[in-house]
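K.L.:
Quick one: the structure is below, questions incoming.
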Amino acid sequence: MTLNDLEQLLFQHQDAAYADFSAKLIPTVPREKFIGVRSPEYKKIARQIRDDPVVPVFLSTLPHKWHEENCLHVALINQTRDYEACISALEQFIPFIDNWAVNDAVNPACFRRHRAGLIHRVQEWIASPAPYTRRCGMRILMANYLDEDFRTEYLDLPADLRSDEYYVNVMTAWLFAEALVKQWDTAVAFFENSRLDPWTHNKAIQKACESYRIPDKRKAYLRTLKIRAQR
């Protein structure tokens, strides 16, 4: 298979109406960069081509032309079993992430077996000035470190960093809303002490209050912690 063959494989799954729909959801990417491939197809294609020699060529050919090529790139990274190879592929790709949908699909299965060594990379990504590198770090933190491996200090860095980027702040809010679900006693202190910027603080409370996993009593308390706009 060649790179052109791979492109044609994506076009075999084209749905123009879905491309229009996706472009509206991802306004940071021009409409002409969308083919229109539905999300479940990426895993299928990634499994289909996993052992094809085109894969390393594709992964090293950046930037990609199509949004869907970026989505397939993430699917291939996610299925990489070797941890070091996965890290290498992700770090090569992160600078080319240009939207929330590609970013939020990053969740390699092998990371769950290497949390102790991975956390330092995650913290480096979160501290990056590049918006989607930071968002990617927080996405991986949220997916892997809010359960049995949780430590309070993992929330300190995203709480203290400030950004003018909407897609970074929304991710921070999502992270803390999820922390309120899984680590209430620790996470709620960040709101009681106003550790987040006001917009992100309130957005996180909004997201938490929309969750069915947080009891109504806790939602009522969170609403009392909202930061009111000063007149």
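The values are calculated or read from the model by the stated rules, or taken from the named source; none is laboratory data. A quick note: this is a predicted structure, and the numbers were derived from the prediction, not measured. When we count neighbours, we look across all protein chains shown, and the Cβ atoms used for this are built from the backbone with ideal geometry, even at glycine.
K.L.:
Taking segment 109-133 on its own, how many of its residues are of a type in the set (Ser, Thr, Tyr) and surrounded by 19 or more Cβ atoms within 10 Å (Cβ to Cβ)?
P.N.:
The qualifying residues number 2.
K.L.:
Out of (1) more than 19 Å from residue 176 (Cα to Cα); (2) β-branched (Val, Ile, Thr); (3) not assigned by TED's automatic domain parsing to the domain that holds residue 14, the odd one out for residue 119 is which?
P.N.:
(1)
K.L.:
Now for a separate question. Within segment 92-128, track down each residue that is of a type in the set (Asp, Glu) and under 24 Å from residue 39 (Cβ atoms).
P.N.:
Correct list: 98, 104.
K.L.:
Looking at segment 160-169, is at least one residue part of a helix (DSSP H, G or I), of a type in the set (D, E, K, R) and at negative phi?
P.N.:
Yes, some residue in segment 160-169 is part of a helix (DSSP H, G or I), of a type in the set (D, E, K, R) and at negative phi.
K.L.:
Sort out which residues of segment 174-189 are crowded, with 21+ Cβ neighbours inside 10 Å and over 21 Å from residue 118 (Cα atoms), and write them in order of number.
P.N.:
Correct list: 177, 180, 187.
K.L.:
Here's a follow-up. Please work out if residue 163 is touching a helix residue (DSSP H, G or I) at 6+ places or on another chain (Cβ under 8 Å), within 24 Å of residue 134 (Cβ to Cβ), small (Gly, Ala, Ser) and loosely packed, with under 14 Cβ neighbours inside 10 Å.
P.N.:
no
K.L.:
Identify all residues within segment 203-231 that are among the β-branched types (Val, Ile, Thr), surrounded by 14 or more Cβ atoms within 10 Å (Cβ to Cβ) and at pLDDT 95 or above; write none if there are none.
P.N.:
Result: 205, 214.
Yes/no per residue for (1) free of Cβ contacts under 8 Å to residues at least 40 places away in the same chain; (2) touching a His at 6+ places or on another chain (Cβ under 6 Å); (3) of a type in the set (Lys, Arg):
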position	(1), (2), (3)
138	yes, no, no
151	yes, no, yes
154	yes, no, no
158	yes, no, no
167	no, no, no
174	yes, no, no
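K.L.:
On to the next question. Restricting attention to segment 109-132, which residues are part of a helix (DSSP H, G or I), within 20 Å of residue 163 (Cα to Cα) and in contact with a Leu (Cβ under 8 Å, 6 or more places away or on another chain)?
P.N.:
122, 123, 126
K.L.:
Which residues, counting only those in segment 130-146, are of a type in the set (A, V, I, L, M) and under 8 Å from the mean Cα position of the chain (by Cα)?
P.N.:
Within segment 130-146, 138, 140 qualify.
K.L.:
Got at least one residue in segment 134-152 being surrounded by fewer than 17 Cβ atoms within 10 Å (Cβ to Cβ), touching a helix residue (DSSP H, G or I) at 6+ places or on another chain (Cβ under 6 Å) and not in a helix (DSSP H, G or I)?
P.N.:
yes
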